[in-house]
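The values are calculated or read from the model by the stated rules, or taken from the named source; none is laboratory data. As the structure is a prediction and not an experimental result, all values here were calculated from the model. Don't worry about glycine lacking a Cβ; one is built from the backbone with ideal geometry, like all the others, and counts go over all protein chains shown.
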Amino acid sequence: MTREQRLELLRLMLLQRQFEDRVLALYRQGRIAGSVYTGRGQEAVAAAAGLALGPDDVVCPLNRELACHFAKGVTVEEAFRNFLGRADGPTRGRDGNMHFGVPARGVFPLVSMLGNLVPVTVGAALAFKRRGEPRVALTFLGEGAFSVGDTHEGLNLAGVWQVPAVFVLQSNGYSYSTPAARQMVNTNLAERITGGWSIPAERVDGTDALATFAACRAAIERARSGGGPQAVEALTLRIHGHAAHDDARYVPAELRAAYADRDPVARLEERLRLDGVGSEELGALRERVRTTVEQGLLEAEASPAPDPAELEDGVWAAPLEKPDRAL
Ligand SMILES: Cc1ncc(C[n+]2csc(CCOP(=O)(O)OP(=O)(O)O)c2C)c(N)n1
Ligand SMILES: [Mg+2]
C-alpha cells in the first residue's frame, strides 16, 4: 500500500466513526427515529473491503459498514439525509436508518433479514460471470447469518457455480446478546466455509486495518481473475452494544476492558506514526473529516421532509379480503 492509500484507509475509518458519533448525538436528541447501530471497533473491515473494491464492483453492506458506503462514493450528506428521513434522501424518507444503498454507485440497500444478502450477492456475481464482465460482488455477514438457511444455500451455489463473490465475515463474538459459542458448535467460520463449501477463506485480525486490506484485496482479485468465490473472516470487536438502546452489560467486563487495546483507529494511527506520519498531519486529517461530517449534516438538515401525500408511493398491497371470522 502506498502512503496515500494508508491515509485514505484511515480517513474512511474516521469518517465512519465521526459520522456515527454524530448520529448517536442526534438520536439522543430525539432526532432519529428507531435506533442507531454503530460499527465501532469494526471500521477497519468496512473501510478495507470498500477501498479494495473496484469502481464497477458491487457491495451489499450490513448495518455496521458505513465506511464501505463512503468508499464507494456515497456522500456524508446522502447518508445524513437517510438518517434524518428527508424527501431527497436515498430512501425518500421511508427509512430513517441504515437500510439504504445507492445502486448507481454499486451499493445495494441492506435487507434486514439476516443471511438474505448472501443469495443476492451470489446472484449479482452470477450475472457478472454470465456476461463475462470482470466485476466482483461482495457482502458482509455476521455470526447471526450463519444460523439462517439462506446463507448456506447461497454459499453452496457460489461454490457450485464458481462465481466472483467475496464474503467478508465480521466475527465480533456476539449476535445481539448471544455469544457465538452459544449459537454454534464451531465458531471458526473460515474453517466451516472451507470445509463445507471448498471456498478459500482467510482468517485475519480485523482490528489490523492493513492486514485486513491485504486479505480483502487478495480475495477480490482472485475472484476477479476467475478463482471463484472467496471469504475473509475478520476477527473483530463490537465495542458498543447491538444498538444505541443496548448497554452491552452482558459482555464480560474483562472483555470490554481488552477492547481498549484493540481499537482499530488507534492501531492504524500508531502504525502511520511509525511510518513517519506526524501528529500534525493526523490532527489535520481528523479536523478535515470533522468538517465534512458537520457540513454534510448542515446540508441534509436543509432538505425538506417528505410530503405525507406520497406515503403510499412505491407501496404494493394486495386487496384485503374481509376475514369471515375473527382470527
Ligand atoms: C432472520 C433474522 N432473524 C433475526 C433478526 C434480528 N436480528 C437483527 S441483528 C441480529 C444479530 C446479528 O448478529 P450478527 O450477525 O453477529 O451481527 P452483529 O450484530 O454482531 O454485527 C438479530 C438476531 C433478523 N434481522 N433476521
Ligand atoms: Mg456478530
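Computed values, structure above
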{"quantity": "From Leu157, Leu141, residue being within 14 Å of Val122 (Cα to Cα) and within 12 Å of ligand 1 (Cβ to nearest atom)", "calculated": "Leu141"}
{"quantity": "Pairs where the first residue, in the stretch 176-205, is at pLDDT below 95 and of a type in the set (S, T, N, Q) and the second is within 16 Å of ligand 2 (Cβ to nearest atom) and in a helix (DSSP H, G or I), C-beta under 8 Å, 6+ apart", "calculated": "none"}
{"quantity": "Qualifying residue in the stretch 129-138 (condition: more than 19 Å from the chain's Cα centre (by Cα) and either within 30 Å of Pro252 (Cα to Cα) or of a type in the set (S, T, N, Q) (or both))", "calculated": "no"}
{"quantity": "Whichever residue in the stretch 289-327 is closer than 28 Å to Glu20 by Cβ and of a type in the set (A, V, I, L, M) and, among such residues, is modelled with the lowest pLDDT", "calculated": "Ala305"}
{"quantity": "Filter result for Val23 (within 14 Å of ligand 1 (Cβ to nearest atom), surrounded by 24 or more Cβ atoms within 10 Å (Cβ to Cβ) and not basic (Lys, Arg))", "calculated": "no"}
{"quantity": "Matching option when the condition is of a type in the set (A, V, I, L, M, F, W, C) and at positive phi, among Ala244, Ala211, Ala234, Ala248", "calculated": "Ala248"}
{"quantity": "Among (1) within 21 Å of Leu62 (Cα to Cα); (2) within 15 Å of ligand 2 (Cβ to nearest atom) - the single one Phe213 does not satisfy", "calculated": "(2)"}
{"quantity": "Matching residues in the stretch 60-98 - criterion: being under 11 Å from the mean Cα position of the chain (by Cα) and in a loop (DSSP other than H, G, I, E, B)", "calculated": "Pro61, Leu62, Asn63, Arg64, Glu65, Met98"}
{"quantity": "Top-ranked residue of the stretch 186-221 - restricted to ones that are among the β-branched types (Val, Ile, Thr) and within 16 Å of ligand 1 (Cβ to nearest atom), ranked as farthest from Pro252 (Cα to Cα)", "calculated": "Ile193"}
{"quantity": "Residue check, Val168 more than 9 Å from ligand 1 (Cβ to nearest atom), surrounded by 15 or more Cβ atoms within 10 Å (Cβ to Cβ), aliphatic (A, V, I, L, M) and modelled with pLDDT of 95 or more", "calculated": "yes"}
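A quick yes/no check of all residues on (1) closer than 16 Å to Thr139 by Cβ; (2) touching a strand residue (DSSP E or B) at 6+ places or on another chain (Cβ under 8 Å); (3) not aromatic (Phe, Trp, Tyr):
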site: Met1; (1), (2), (3): no, no, yes
site: Leu7; (1), (2), (3): no, no, yes
site: Arg17; (1), (2), (3): no, no, yes
site: Val23; (1), (2), (3): no, no, yes
site: Arg28; (1), (2), (3): no, no, yes
site: Gly39; (1), (2), (3): yes, no, yes
site: Val59; (1), (2), (3): yes, yes, yes
